[in-house]
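Colleague: Starting off with a structure, shown below.
Values in this text are rule-based calculations from the coordinates and carry no lab data. Note that the structure is predicted; figures quoted are calculated from it, not measured. Note: ideal-geometry Cβ built from the backbone for every residue, glycine included; neighbour counts use all protein chains shown.
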Amino acid sequence: MPAPLIVVLAGLVAVAAVALIARSVASHRANRRAAREALERLGFRPCPDQKDWLQETIGRIENNKGYRYEVGDPMRLGSDPAVAVYHYVKVRHEATRERFVDGEEILFPLKRPSSAGLVLVVKPAAIASGVAARIVGAVATGPWDVQPDDLSRLELPPELKGTNILGALAPPGARFYDLIDAKSLSAVQGLGDAGAMMVHFRDDWCTVSQTSGRIPFNVSELVSRVRPLLS
């Protein structure tokens, strides 16, 4: 192939690549703008002054020395800290400076029987309970480096097997019902239908995280499900 033609083809490929990148960036910005407008319609308002506090609070909840946590686009629903719900994009930074975008998350205050850490893995009701669901629960509660340093897999009570609760992490030797009350547990069982998979509890706080893009993170439904827990 003649050298001038190779140069022309290379230039066309470069132009096409730039166009695709630009389109992707524009699409991402449009999606973020639409998501922000949806949050504003729900009553969320930007709270950049809470960013440092949110990052410190999330760091305590996650309790993982291998990572530090950053939040993007923090927004708050309600002015009273006792019942406020926060929404943000969570980013993990590894010690090697590697960056992982975990996705959307909400945080809200929650009173429980215990201040100890607890993580619940949930699924949507549309996914049948069975071998595949049990495998997902076992994998999600395995000894991953992203798990809280002080928690390990906790055997679920028999009556929760086959429900939307796939697995749990808790302090070694803890008993499940010492860590969560029936009202909170009932609300958590429906969070998978709103796009959540991981629910973290520690002290007087709870976070609900998006871990899959297959089911939209429906903030409106999530807020509706957790609002009774704020009173």
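Colleague: What residues qualify as long-range amide H neighbours of Trp205, i.e. H under 5 Å apart, gap of 5 or more or another chain, H built at 1.01 Å from N?
Modeller: Answer set, sorted by chain and number: Leu110.
Colleague: Next up: Among Ile165, Ala132, Val122, whose Cα sits farthest toward the positive end of the charge dipole of region 45-230 (+1 at Cβ of Lys/Arg, -1 at Cβ of Asp/Glu, about the Cα centre)?
Modeller: Ala132
Colleague: Okay, next question. Report the Cα-based extents of region 45-230 along its three principal axes, largest first, to the nearest Å.
Modeller: 45, 39, 33
Colleague: Using a 7 Å offset from Cα along Cα-Cβ at Lys65, what residues in region 136-173 end up with backbone N under 15 Å from the label point?
Modeller: 145-151
Colleague: I've got another one for you. Order these peptides, 131-137, 53-59, by their mean beta-carbon neighbour count within 10 angstrom, highest first.
Modeller: Working: 131-137: 14.4, 53-59: 17.0.
Ranked from most to least packed, the peptides come out as 53-59, 131-137.
Colleague: In a shell of Cβ-Cβ distance under 13 Å around Asp204, excluding Asp204 itself, what net charge do Lys and Arg (+1) and Asp and Glu (-1) give?
Modeller: Numbers: positive: Arg60, Lys111, Arg112, Arg202; negative: Asp203.
Taking every other residue near Asp204 into account, the sum is +3.
Colleague: So how do 88-98, 193-203, 221-231 stack up, highest first, on mean other-Cβ count within 10 Å?
Modeller: Packing order, densest peptide first, comes out as 193-203, 221-231, 88-98.
Colleague: While we're on this one: Hey, can you grab everything whose amide H is under 5 Å from the amide H of Leu166? Only 5+ residues off in sequence or another chain; H modelled, so Pro and N-termini drop out.
Modeller: Val121, Val122, Lys123
Colleague: Follow-up. List the residues, sorted by chain then number, that are 5 or more residues from Thr211 or on another chain and whose placed amide H is less than 5 Å from its amide H.
Modeller: Met197, Met198
Colleague: Mind listing the phi-derived Karplus ³J(HN,Hα) values for region 154-165, rounded to whole Hz, using 6.51, -1.76 and 1.60 with θ = phi - 60°, and x for any glycine or proline?
Modeller: 10, 5, 6, x, x, 6, 8, 6, x, 9, 7, 8
Colleague: Still on this structure, I have one more. If you plug each phi of region 68-78 into the Karplus form 6.51 cos²θ - 1.76 cosθ + 1.60 with θ = phi - 60°, what whole-Hz ³J(HN,Hα) values come out, in order, with x for Gly and Pro?
Modeller: Result, rounded to whole Hz: 10, 10, 10, 10, x, 6, x, 9, 10, 9, x.
Colleague: Which length gain, in nm to one decimal place, applies between Ala116 and Glu37 when the Cα-Cα distance is subtracted from 0.36 nm times their residue separation?
Modeller: Numbers: separation 79, 0.36 × 79 = 28.44 nm, distance 3.59 nm.
So the extension gain works out to 24.9 nm.
Colleague: Taking θ = phi - 60°, what integer Hz values does the Karplus form 6.51 cos²θ - 1.76 cosθ + 1.60 yield along region 37-44, in sequence order, with x for Gly and Pro?
Modeller: Those phi angles translate into 5, 5, 5, 5, 5, 7, x, 6 Hz.
Colleague: Provide the FRET efficiency to the nearest 0.05 for the Glu98-Ala138 pair, computing r from the beta carbons and using R0 = 25 Å.
Modeller: That pair, Glu98 with Ala138, gives E of 0.45.
Colleague: Quick one: check the C-alpha center-to-center distance for region 139-154 versus region 168-217, whole angstrom.
Modeller: 14
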